[in-house]
1. How do A:ASP52, B:ASP69, B:ASP254, A:ASP215 line up, fewest other C-beta atoms within 10 Å first?
2. I'd like to know which of B:LEU11, B:ILE299, B:ASN279 lies farthest towards the positive end of the charge dipole of chain B, counting +1 on Cβ of Lys and Arg and -1 on Cβ of Asp and Glu.
3. Connecting C-alpha atoms closer than 10 Å in a GNM of chain A, tell me which of A:ILE124, A:ILE191, A:ILE216 has the biggest fluctuation.
4. List the lysines whose Cα lies under 26 Å from the Cα of A:LYS257, skipping any in the same chain that are fewer than 8 positions away.
5. Taking the Cβ-Cβ separation of A:LYS136 and A:THR116 as r and a Förster radius of 41 Å, what is the calculated FRET efficiency to the nearest 0.05?
6. Using a Förster radius of 35 Å, what is the FRET efficiency between A:ASN58 and A:ALA308 based on their Cβ-Cβ separation? Nearest 0.05, please.
7. Within the stretch A:230-337, report the GluC sites (Glu not before Pro) that DSSP leaves as loop and that have at most 12 other Cβ atoms within 10 Å.
8. Give, in nm to one decimal, the length gained when the segment between A:ILE38 and A:GLU379 is fully stretched (0.36 nm per residue of separation minus the Cα-Cα distance).
Protein chains: 2
Amino acid sequence: MKQVRLGIIGLGAQGGTYAGFIATGKVKNMVLGAICDIDPAKKELCAQTYPDVPFYDNYIDMLESGNVDAVVTTVPHYLHPHMAIEAFKRDIHALVEKPAGVYTKQVKELNDFAATKPELTFAIFFNQRTNPLYQKLKEIIDDGEIGSIRRTNWMITTWWRPQAYYGQSAWRATWGGEGGGVLVNQAPHQIDLLQWICGMPKKVYANVKYGYQRDIAVEDEVTALLDYGNGATGVFITATHDVIGTDRFEILGDKGKIVVEDSKKLIIKRLNKSESEMNANMSWADAMKLFMGQMPEEIYSEEVLEFASVWGEQHIAVLENFAANIVDGTPLIAAGSDGIHGVALANAIHLSSWLEQEVELPIDEELYVAELNKKIAEEKALVAQ
Amino acid sequence: MKQVRLGIIGLGAQGGTYAGFIATGKVKNMVLGAICDIDPAKKELCAQTYPDVPFYDNYIDMLESGNVDAVVTTVPHYLHPHMAIEAFKRDIHALVEKPAGVYTKQVKELNDFAATKPELTFAIFFNQRTNPLYQKLKEIIDDGEIGSIRRTNWMITTWWRPQAYYGQSAWRATWGGEGGGVLVNQAPHQIDLLQWICGMPKKVYANVKYGYQRDIAVEDEVTALLDYGNGATGVFITATHDVIGTDRFEILGDKGKIVVEDSKKLIIKRLNKSESEMNANMSWADAMKLFMGQMPEEIYSEEVLEFASVWGEQHIAVLENFAANIVDGTPLIAAGSDGIHGVALANAIHLSSWLEQEVELPIDEELYVAELNKKIAEEKALVAQ
């Protein structure tokens with residue numbers, strides 16, 4: 001197979017953008033195989049924009065048409081696992097949009113089924129993993145350049161959304177439609193990067209604000225306290241009501257510290273001696289000299305790397321990598337099975353706030369689904385009033 | 001009274017520094033009245049350095065000598081309330097070192113007693129409140145320039161202390177000697193500033209690490225999640241094991257954001273319209289223009305103020321202000337009764353970590369003392385082994 005014929009399930013904002021990239025030849029080894037949407041208006045749009053591309057109003061028909069080798073699931077989050085499983089059943093490769101699903105139980109079902117079809121490509125749309133800054137950051141951490149991690153701290157409040165955003169459609173920012181707010185819709189990229197680079201925490205305590213500054217049922221602000229189980233701690237903060245958003249990610253290690261500012265600037269401070277060694281050997285008199293700037297040499301060296309980010313390139317890179325994996329086995333940037341970690345962390349944050357206590361990972365999946373269903377039921381009752 | 005004769009109780013690092021300031025005429029309206037220390041070596045030192053200043057090995061004797069109008073309590077934290085009360089009983093003014101005490105119950109006793117002697121000056125050594133940066137910051141917040149507070153976030157890990165520091169004396173970093181670690185010894189300044197500028201939280205959840213990177217019984221790292229009870233949240237992080245310390249304080253308000261970097265740089269971002277107004281009126285199309293940098297004008301203006309800090313000046317300012325209040329009623333920078341807030345917050349952080357749950361303020365004071373006494377008993381048992 002030289003050209004992967006991609007079927008797009010859901011021609012919304014993301015699906016439409018990907019279709020455009022592929023139709024204009026921007027994605028190597030990929031062509032538009034078919035498009036599917038349940039909205040009749042999209043059928044007309046496609047007839048005009050992509051007259052040669054078959055259109056379906058039912059994704060199963062598309063999967064069985066013989067027109068697609070692979071699909072991307074640009075549909076509401078709840079649907080990702082089920083649709084990907086249906087694709088795999090028909091030996092169609094699948095690239096799932098983030099998040100992999102709303103709750104880990106459904107994502108586990110997806111992962112388990114995908115594992116029975118190892119010959120198929122299963123990827124997830126974590127385009128931020130293609131960002132050279134985060135790739136470099138992961139490399140530095142993996143290589144142990146700043147030693148073992150003691151503390152992580154990411155404040156990512158650049159996800160500002162006005163009320164008008166939430167008013168775009170009825171399913172937005174509802175428990176039934178999205179299964180959450182900023183944790184499920186906006187922040188999954190950073191939640192994935194955090195666990196990809198620094199690993200998964202063992203315990204989570206969270207203070208989550210539901211409809212705090214927005215007229216929504218779901219969360220618009222999250223403050224989560226992470227415990228990695230080995231002494232290391234972390235804080236993850238995100239919100240949709242900070243119009244002058246902050247994006248600052250700090251990682252403290254035994255051998256240094258890294259600060260990422262605005263996902264553009266990577267500041268790496270490497271200690272000449274590890275903190276443990278300095279701690280064991282430095283006298284208090286020398287420490288005071290250090291505070292007064294009277295030590296003969298610096299205790300660390302600093303490197304600053306600046307990165308430019310071009311919009312769209314990341315998404316094209318994910319599509320291209322997906323095609324390359326299908327065509328020649330090029331390793332995936334983000335294996336589909338990786339999607340469960342971010343969902344697990346987001347679920348733990350929700351559950352901690354619902355139970356008002358620290359929760360251990362993995363969380364009780366059945367309890368999560370039961371609590372989520374309560375929220376959906378309350379929401380329906382509210383709509384019915 | 002033109003010259004306040006100060007008695008110094010405890011000629012350690014702080015007491016010795018203050019004595020030096022006063023003896024060299026650096027503190028207006030203040031002279032050295034007497035010095036007290038239980039260590040015979042200090043008596044000899046004083047005889048050489050301050051031959052004209054009376055020395056006492058018992059602070060009660062000093063209080064009753066007629067040589068002092070006021071005292072400063074540069075002694076272990078547990079002793080501050082009791083010694084200040086003894087001074088007030090003898091109509092002697094008192095400046096207590098921070099923290100006001102180890103637990104709120106004892107600080108409340110101090111405040112209650114001080115309230116029966118309104119004619120006496122009761123101050124606390126919060127020298128950081130004299131820092132022009134924090135005075136300016138408080139003014140901006142109090143004037144409502146950035147609106148009502150939604151989030152506070154202070155990471156103050158510049159309190160690096162090597163093991164040698166803790167080894168200086170047996171009482172250091174013990175439950176019996178200090179009643180805590182970084183919360184009680186190093187961070188009280190920032191804990192006070194945080195509550196002075198942003199108010200007291202209503203609930204606290206904390207992850208506290210005891211002897212994490214140091215061979216001590218008490219805490220060397222704190223991550224506290226604050227809830228102000230009105231929707232606003234906060235995070236306070238401090239540690240003594242980060243040799244490349246971070247000092248970053250961010251306050252988000254409805255009308256803007258302030259970031260303080262390294263206690264030196266004050267970055268003030270004032271929104272042209274409040275976030276609530278932008279949220280209510282901005283279309284999603286305009287929001288997207290905003291993200292792409294295509295709006296006709298900036299949504300906020302930025303002001304950056306840089307401050308220089310000269311070591312020692314803050315302490316002299318507190319001593320001078322204390323004297324001025326005694327001499328002519330100049331308002332105090334930090335009234336002694338204010339000391340209880342920082343102790344209450346530190347106690348809440350400890351208690352939350354001991355109970356492994358969120359605690360409400362004011363906390364159960366009796367429970368705190370009981371839990372603290374358990375720690376002291378465990379420590380003694382350990383020493384006895």
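1. Ranking A:ASP52, B:ASP69, B:ASP254, A:ASP215 by Cβ neighbours within 10 Å, fewest first, gives A:ASP52, A:ASP215, B:ASP254, B:ASP69.
2. It is B:LEU11, whose Cα lies furthest towards the positive end.
3. A:ILE216
4. A:LYS136, A:LYS138, A:LYS202, A:LYS203, A:LYS265, A:LYS269, A:LYS273, A:LYS289, B:LYS209, B:LYS257, B:LYS264, B:LYS265
5. It comes out at approximately 0.70.
6. Once the sixth-power term is evaluated, E becomes 0.25.
7. A:GLU297, A:GLU298
8. Full extension of this stretch gives 120.3 nm more.
Taken together, the values in this text are just the output of simple stated rules run on the coordinates, not laboratory data. The structure displayed is predicted, hence computed values, not measured ones. All Cβ positions, glycine included, derive from the backbone under ideal geometry; neighbour counts span all protein chains shown.
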